[in-house]
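**Student:** What follows is a structure written as structure tokens; I'll ask about it next.
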Amino acid sequence: MFRRLLIATVVGILAAFAVAGFRHAMLLLEWLFLNNDSGSLVNAATNLSPWRRLLTPALGGLAAGLLLMGWQKFTQQRPHAPTDYMEALQTDGQFDYAASLVKSLASLLVVTSGSAIGREGAMILLAALAASCFAQRFTPRQEWKLWIACGAAAGMAAAYRAPLAGSLFIAEVLFGTMMLASLAR
């Protein structure tokens, strides 16, 4: 019991650092791309000229697309393991770490350039990824899915600043996945 509580604490801390790191990178890139230090993309857009309002999100999307395309050509294959925490929960609890990081970086480029895409998904993915890294080093294989779900819950709680909602959502996902897996046997 104490061991799991300690691991859950470490996973929560790692997830918080992952989300905070993404937020800080987002603010830094918003300042670089949009000359905005308010943290609000709406404020940044009102201060941009019309041609920059059109061009900046397009260039961010282009950069993200080129990054993803370049990664796929560099690796010569599609990711061999899941790049999303939902997929990892439905399979054997493993991620393609490099592909997941590239996917998160592409999301960061798109979000910070002002495109209408959610930033929370990448935060949750990074938190689950951090939890997975920790779990694979320090816990038995049969617990990996549990710790990925805990990392995703902590990431959702940090991303939305709603701990109870994050925990309930991930509990629903985790139990639903386990129930479907047990029915298939």
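**Student:** Which residues, counting only those in the range 115-150, are more than 21 Å from Gly166 (Cα to Cα) and assigned to a helix (DSSP H, G or I)?
**Tutor:** Selection gives Gln136, Arg137, Phe138, Arg141, Gln142.
**Student:** Return the only residue of Ala8, Ala20, Ala15 being surrounded by fewer than 16 Cβ atoms within 10 Å (Cβ to Cβ), of a type in the set (A, V, I, L, M) and modelled with pLDDT of 80 or more.
**Tutor:** Ala20
**Student:** Within the set of pairs 6+ apart or on separate chains, which have a first residue in the range 93-110 that is among the charged types (D, E, K, R), a second that is part of a loop (DSSP other than H, G, I, E, B), and C-beta atoms under 7 Å apart?
**Tutor:** Partner pairs satisfying both residue conditions: Asp96/Pro79; Asp96/His80; Asp96/Ala81; Asp96/Pro82; Asp96/Thr83; Lys103/Thr83.
**Student:** Still on this structure: Of the conditions (1) in contact with a helix residue (DSSP H, G or I) (Cβ under 7 Å, 6 or more places away or on another chain); (2) under 30 Å from Gly70 (Cβ atoms); (3) modelled with pLDDT of 90 or more, Tyr97 clears all except one; give me its number.
**Tutor:** Failing condition for Tyr97: (3).
**Student:** Filter the range 140-153 down to the residues that are over 25 Å from Ala64 (Cα atoms) and surrounded by 17 or more Cβ atoms within 10 Å (Cβ to Cβ) and list them by number.
**Tutor:** Trp144, Lys145, Leu146, Trp147, Ile148, Ala149, Cys150, Gly151, Ala153
**Student:** Restricting the first residue to the range 135-157 and requiring it to be within 22 Å of Ala20 (Cβ to Cβ), which pairs with a second residue that is hydroxyl-bearing (Ser, Thr, Tyr) and at pLDDT below 90 meet a Cβ separation below 7 Å and a spacing of at least six or different chains?
**Tutor:** Within 7 Å, the pairs are Ile148/Tyr85; Ala152/Tyr85; Ala153/Ser167; Ala157/Ser167.
**Student:** Of (1) crowded, with 23+ Cβ neighbours inside 10 Å; (2) at pLDDT below 90, Gly118 satisfies all except one. Which?
**Tutor:** (1)
**Student:** Looking at (1) touching a helix residue (DSSP H, G or I) at 6+ places or on another chain (Cβ under 7 Å); (2) under 28 Å from Ile170 (Cβ atoms), can you tell me which one Gly114 breaks?
**Tutor:** Failing condition for Gly114: (2).
**Student:** Next question. Could you look through the range 143-170, keep only residues that are closer than 14 Å to Met86 by Cβ and of a type in the set (A, V, I, L, M), and pick out the one that is modelled with the lowest pLDDT?
**Tutor:** Only one residue tops the list, namely Ile170.
**Student:** Need a quick list: helices (runs of 4 or more DSSP H) entirely within the range 1-114 having at least 2 residues that are over 25 Å from Arg161 (Cα atoms) and among the basic types (Lys, Arg).
**Tutor:** 50-75
**Student:** Looking at this structure, is Ser104 buried (at least 23 other Cβ atoms within 10 Å of the Cβ) and at pLDDT 85 or above?
**Tutor:** Considered against the rule, which asks whether it is buried (at least 23 other Cβ atoms within 10 Å of the Cβ) and at pLDDT 85 or above, Ser104 comes out as no.
**Student:** Here's something else I'd like to know. What single numbered condition from (1) of a type in the set (Phe, Trp, Tyr); (2) surrounded by 13 or more Cβ atoms within 10 Å (Cβ to Cβ); (3) farther than 21 Å from Ala159 by Cβ fails to hold for Phe74?
**Tutor:** (2)
**Student:** What's the total number of residues in the range 23-53 that are farther than 20 Å from Leu101 by Cβ, hydrophobic (A, V, I, L, M, F, W, C) and surrounded by 12 or more Cβ atoms within 10 Å (Cβ to Cβ)?
**Tutor:** Here the count works out to 7.
The values are calculated or read from the model by the stated rules, or taken from the named source; none is laboratory data. None of the values given here were measured: they were computed from a predicted structure. So basically every Cβ, Gly included, is an ideal-geometry build from the backbone, and we count neighbours across all protein chains shown.
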